[in-house]
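Here's the structure we're looking at; comments come further down.
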Protein chains: 2
Amino acid sequence: MENTVTNAADRLTAAIKEKGAPCAVGLDTALDFLPEEMTRACDSAEGAAAAVAEFNYRVIESVRGLAPAVKVQVAYYEALGWQGMRAFADTLKYARENGLIAIADCKRNDIASTAGAYASAFLGGAAFGAFECDFLTVNGYLGADGIKPFTDECAKRGKGVFVLCKTSNPGSGQLQDLKLDGTCAAPVPSNAADSRRGGGRTLYEAMGGLINEWGAGLVGQSGYSAVGAVVGATHPAQAAVLRKLMPRAIFLVPGYGAQGGTAEGLRPCFNADGTGAVVNSSRAILCAYRSEKYKGMKYYEAARAATEDMVEDLRRLQGIDD
Amino acid sequence: MENTVTNAADRLTAAIKEKGAPCAVGLDTALDFLPEEMTRACDSAEGAAAAVAEFNYRVIESVRGLAPAVKVQVAYYEALGWQGMRAFADTLKYARENGLIAIADCKRNDIASTAGAYASAFLGGAAFGAFECDFLTVNGYLGADGIKPFTDECAKRGKGVFVLCKTSNPGSGQLQDLKLDGTCAAPVPSNAADSRRGGGRTLYEAMGGLINEWGAGLVGQSGYSAVGAVVGATHPAQAAVLRKLMPRAIFLVPGYGAQGGTAEGLRPCFNADGTGAVVNSSRAILCAYRSEKYKGMKYYEAARAATEDMVEDLRRLQGIDD
């Protein structure tokens, strides 16, 4: 029997190529992003969640021809309780039905059996569907046995993960930039010796080495692995180091736009052929309707126009190295 | 106006004293933990979620006189989709209504504004209640600015967090035990110099130092901070180091029982007076009805008996140092 499970990195790479733009529209739909006329329904959790879902549907319809992916940040949905989680599930489903790659930004992490429950919740193995997406963000602080349940599920169901490596926040260096002396106080799994190598490396470089290892068995025909890395747009020097360290990892790059990352700063996140990264923008797209530049447009029209601008920006950047 | 917000560490410490047992009953209610007669209703997400909630309610009623706290692991609820998240919210609510301290084990983590959305979802600031608990577990890999939104909310609403420090899984050492050379490649927040001190320290020790810093402003009358630490029962030697390093942090200790941690191994998690830790047991309590020892009991009766046994075990341990 032929294996019909496709590699998630291949699907994402193909979608980026088809749309001609390595970007994700971030559906971090905070209640205060909604236009005034939609907030009137927000006097209950049900009403607020329904308004958020409707906002997302219109944005999805508006950008589906332009962007290959959406990234949905679960925190804003959890803040609306289980009703919000229904909107989260519906948003992921609607994005996938509209041909978009759905990235669930949940940064989940736990020990083995519990990580397995998370993997089933998000990567398609749940009995009743739950929150099925294409890619899930995860946090690797617990080590290989906290990641394996996710990568096992990725292999089985053609899904992917992005492991936090160097995050976009100003304080990310407090732990991630700590330098290692090249030793480990504990025995580590035999397949994970890489984390101990190289005194003078930073923690984020050690994490990068592990992301390489964790993804080695999930490299698709595109040359990229279903195990990618989260690398913030706000740290171009570190991104350059990580790009060399993880040639087969797709970088999910937050921090472009509202957080201060520039298109120029993104360049180190891409390989020389312009592939290997997907750049996320959330607030600049969802709240575009409030800016002078897109004045008079409906929120979803402004979201489309802002996505077009991002696409143009990124294409120019990719062209430089073509 | 008097400040009526109580410190979460004080509430937990008082509850432990009142019940005479430093333990939490872990409501990690996987579907396959349910007794056969309850699984018949599990042919839909709604039915499964309702069965899980009912199972939890009966266990809560059964242990409320014995245990000061429950720890609810969200992954098993997420695996049942938004219907599961409703059962999660209902379980937290029912535990609190029954006078138990509710610890939501969610290991949440993100950058500032998004961490704020998580904080509101779990620590009582959400418009419609969402998933209000007393304590939330969080992952500190993103550094101080990813933790501050949580500790701000703790200060405001009398809530607490447990930050992952040294986790109970066998592979936790792969990253957490990496040794640092005492330098940092990036400038770090001025109030967070501790992470750079001490070459030869491990990453989990650096995390412990930061947990101290993050919790310094939230120490209650009990002498403990609302910022605690997750320290696995499976690593007694490391726990002893961390106990000295974080005298004011309450340790949330998973790994007792099913994961191989013994009562004797727990001792380093407590301060000399027998305070400072809360030990969690999940499977050994929820699935007690399947063991020879508790044969013939209903699941909630067996859960109570197993909790009594854990309490006795922990009291004996505490007595040693009294």
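The values are calculated or read from the model by the stated rules, or taken from the named source; none is laboratory data. None of these values were measured; they are calculated from a predicted model. Please note: Cβ atoms are built from the backbone with ideal geometry, for glycine as well, and neighbour counts cover all protein chains shown.
Taking the condition of being more than 11 Å from chain A (Cβ to nearest Cβ) and more than 22 Å from B:VAL63 (Cβ to Cβ), how many residues in the range B:124-155 meet it? The number of residues fulfilling the criteria is 7. For the range B:186-203, the set of residues classified as at pLDDT 90 or above and within 7 Å of chain A (Cβ to nearest Cβ) consists of B:THR202, B:LEU203, listed by residue number. The residue pairs whose first member lies in the range B:60-89 and is facing chain A (nearest Cβ under 8 Å), whose second member is among the β-branched types (Val, Ile, Thr) and not in a loop (DSSP other than H, G, I, E, B), and whose beta carbons are closer than 8 Å, counting only pairs six or more residues apart or on different chains, are B:GLN73/A:THR114; B:ALA75/A:THR114; B:TYR76/A:THR114; B:TYR76/B:VAL52; B:LEU80/B:VAL52; B:GLY84/B:VAL52; B:PHE88/B:VAL72. Within the bounds of the range A:250-270, is there any residue that is touching a Cys at 6+ places or on another chain (Cβ under 9 Å), surrounded by fewer than 22 Cβ atoms within 10 Å (Cβ to Cβ), at pLDDT 95 or above and more than 10 Å from every other protein chain (Cβ to nearest Cβ)? No, every residue in the range A:250-270 fails to be touching a Cys at 6+ places or on another chain (Cβ under 9 Å), surrounded by fewer than 22 Cβ atoms within 10 Å (Cβ to Cβ), at pLDDT 95 or above and more than 10 Å from every other protein chain (Cβ to nearest Cβ). When A:ALA67 is tested against (1) in contact with a Lys or Arg (Cβ under 9 Å, 6 or more places away or on another chain); (2) within 24 Å of B:GLY129 (Cβ to Cβ); (3) not in a helix (DSSP H, G or I), only condition (2) is not met.
Quick check on A:LEU252: is it closer than 30 Å to A:SER62 by Cα and out of contact with any helix residue (DSSP H, G or I) (no Cβ under 8 Å at 6 or more places or on another chain)? Considered against the rule, which asks whether it is closer than 30 Å to A:SER62 by Cα and out of contact with any helix residue (DSSP H, G or I) (no Cβ under 8 Å at 6 or more places or on another chain), A:LEU252 comes out as yes. Can you find, within the range B:154-169, the residue that is farthest from the chain's Cα centre (by Cα) among those that are surrounded by fewer than 24 Cβ atoms within 10 Å (Cβ to Cβ) and modelled with pLDDT of 95 or more? Among those that are surrounded by fewer than 24 Cβ atoms within 10 Å (Cβ to Cβ) and modelled with pLDDT of 95 or more, it is B:LYS156.
crowded, with 24+ Cβ neighbours inside 10 Å and on the phi > 0 side of the Ramachandran plot - does that describe any residue in the range A:36-49? No; the residues of the range A:36-49 include none that is crowded, with 24+ Cβ neighbours inside 10 Å and on the phi > 0 side of the Ramachandran plot.
In summary, strands (runs of 3 or more DSSP E) completely within the range B:127-191 and bearing 1 or more residues that are touching a strand residue (DSSP E or B) at 6+ places or on another chain (Cβ under 6 Å) and without any contact (Cβ under 8 Å) to a residue 40 or more places away in the chain occur at B:135-138, B:178-184. Going through (1) buried (at least 16 other Cβ atoms within 10 Å of the Cβ); (2) out of contact with any strand residue (DSSP E or B) (no Cβ under 8 Å at 6 or more places or on another chain) one by one, A:ARG243 falls short only on (2).
Criterion applied to B:SER120, B:SER113 was being at pLDDT below 95, at negative phi and not in a strand (DSSP E or B), and the one residue passing it is B:SER113.
Scanning the range B:1-35 for residues that are part of a helix (DSSP H, G or I), surrounded by fewer than 19 Cβ atoms within 10 Å (Cβ to Cβ) and not charged (D, E, K, R) turns up just one, B:ALA14.
Pull up the range A:96-114, narrow it to residues that are without any contact (Cβ under 8 Å) to a residue 40 or more places away in the chain and among the aliphatic types (A, V, I, L, M), then point me to the one that is surrounded by the fewest Cβ atoms within 10 Å (Cβ to Cβ). Per the criteria, the residue is A:ALA112. Those helices (runs of 4 or more DSSP H) of the range A:195-314 in which at least 2 residues are farther than 16 Å from A:LEU27 by Cα and out of contact with any His (no Cβ under 6 Å at 6 or more places or on another chain), considering only elements entirely within it, cover A:203-215, A:236-245, A:263-266.
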